[in-house]
1. Quick check: anything in the stretch 135-144 in contact (Cβ under 8 Å) with a residue 60 or more places away in the chain, closer than 30 Å to residue 79 by Cα and part of a loop (DSSP other than H, G, I, E, B)?
2. Only residues that are surrounded by 17 or more Cβ atoms within 10 Å (Cβ to Cβ) and either without any contact (Cβ under 8 Å) to a residue 40 or more places away in the chain or within 13 Å of the chain's Cα centre (by Cα) (or both): list them for the stretch 182-194, please.
3. Examine the stretch 145-156 for a residue that is in contact with a helix residue (DSSP H, G or I) (Cβ under 7 Å, 6 or more places away or on another chain), within 18 Å of residue 200 (Cβ to Cβ), in the same structural domain as residue 193 (by TED's automatic domain parsing) and assigned to a strand (DSSP E or B), and state whether such a residue exists.
4. Among the candidates 120, 177, 106, which residue alone is over 16 Å from the mean Cα position of the chain (by Cα), at pLDDT below 95 and buried (at least 17 other Cβ atoms within 10 Å of the Cβ)?
5. Looking only at the stretch 197-214, which residues are part of a loop (DSSP other than H, G, I, E, B), over 11 Å from the mean Cα position of the chain (by Cα) and surrounded by fewer than 17 Cβ atoms within 10 Å (Cβ to Cβ)?
6. Search the stretch 171-196 for residues being assigned to a loop (DSSP other than H, G, I, E, B) and in contact with a strand residue (DSSP E or B) (Cβ under 7 Å, 6 or more places away or on another chain), and hand back the single one that is farthest from residue 212 (Cα to Cα).
7. Give the number of residues within the stretch 63-89 that are within 18 Å of residue 155 (Cβ to Cβ), without any contact (Cβ under 8 Å) to a residue 60 or more places away in the chain and assigned to a loop (DSSP other than H, G, I, E, B).
8. Given (1) at pLDDT 90 or above; (2) surrounded by 13 or more Cβ atoms within 10 Å (Cβ to Cβ), where does residue 59 come up short, assuming only one miss?
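The values are calculated or read from the model by the stated rules, or taken from the named source; none is laboratory data. Treat the numbers as computed from the prediction; the structure is a model and nothing was measured. So basically every Cβ, Gly included, is an ideal-geometry build from the backbone, and we count neighbours across all protein chains shown.
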């Protein structure tokens, strides 16, 4: 075989060897296609970093529900039809009942308020009062900022931020959909604020603030 032919054969062999070493399509890492919402609204802070962010006590867990202005209660005093009725927690944080007048309710659970009402009735009105209280209508929540219809809305049990946004007509095109802020009243009389994800739970009396994005 002539030298030129040997040179061509060597080149072909080297080329075939290089092709064999290339990764097949199954060896290549699959690139996930980002969706439009991720590109437009994704928080620059990583999910891991968000998970490690400090959470205030008012948002860390689901504490027992405490009453406040605007809650409508069904109070039943067994055997006392004149006392059993619906009562609204007034601006002063109390309910007003026949005989015992105003009973402070703000910051109490329904069980604690039932004990307080029974104690008042036991003071010369009813010998052995048996009282049961349940929330008939929860106080409303408020949603402000970049939603279609901001305002005051009726609370529904187990409501989340994303459900509250849906009730308000959805996000506007300029809404920043991550780290939405909730302002929550606390028993001490103040308000705590926390940035939360859309799946966070809303409580009666909360104010949800959806901010505007700047990009």
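1. Step one: filter the stretch 135-144 for residues in contact (Cβ under 8 Å) with a residue 60 or more places away in the chain, giving 135-144.
Going one step further and asking which of them are closer than 30 Å to residue 79 by Cα, we end up with 135-139.
When the remaining residues are screened for being part of a loop (DSSP other than H, G, I, E, B), the result is 138-139.
Yes, the stretch 135-144 has at least one match.
2. Residues satisfying the conditions are 182, 184, 194.
3. Within the stretch 145-156, one or more residues are in contact with a helix residue (DSSP H, G or I) (Cβ under 7 Å, 6 or more places away or on another chain), within 18 Å of residue 200 (Cβ to Cβ), in the same structural domain as residue 193 (by TED's automatic domain parsing) and assigned to a strand (DSSP E or B).
4. When all the criteria are applied, what remains is 106.
5. Across the stretch 197-214, the qualifying residues are 213, 214.
6. Among them, the one singled out is 186.
7. The number of residues fulfilling the criteria is 3.
8. (1)
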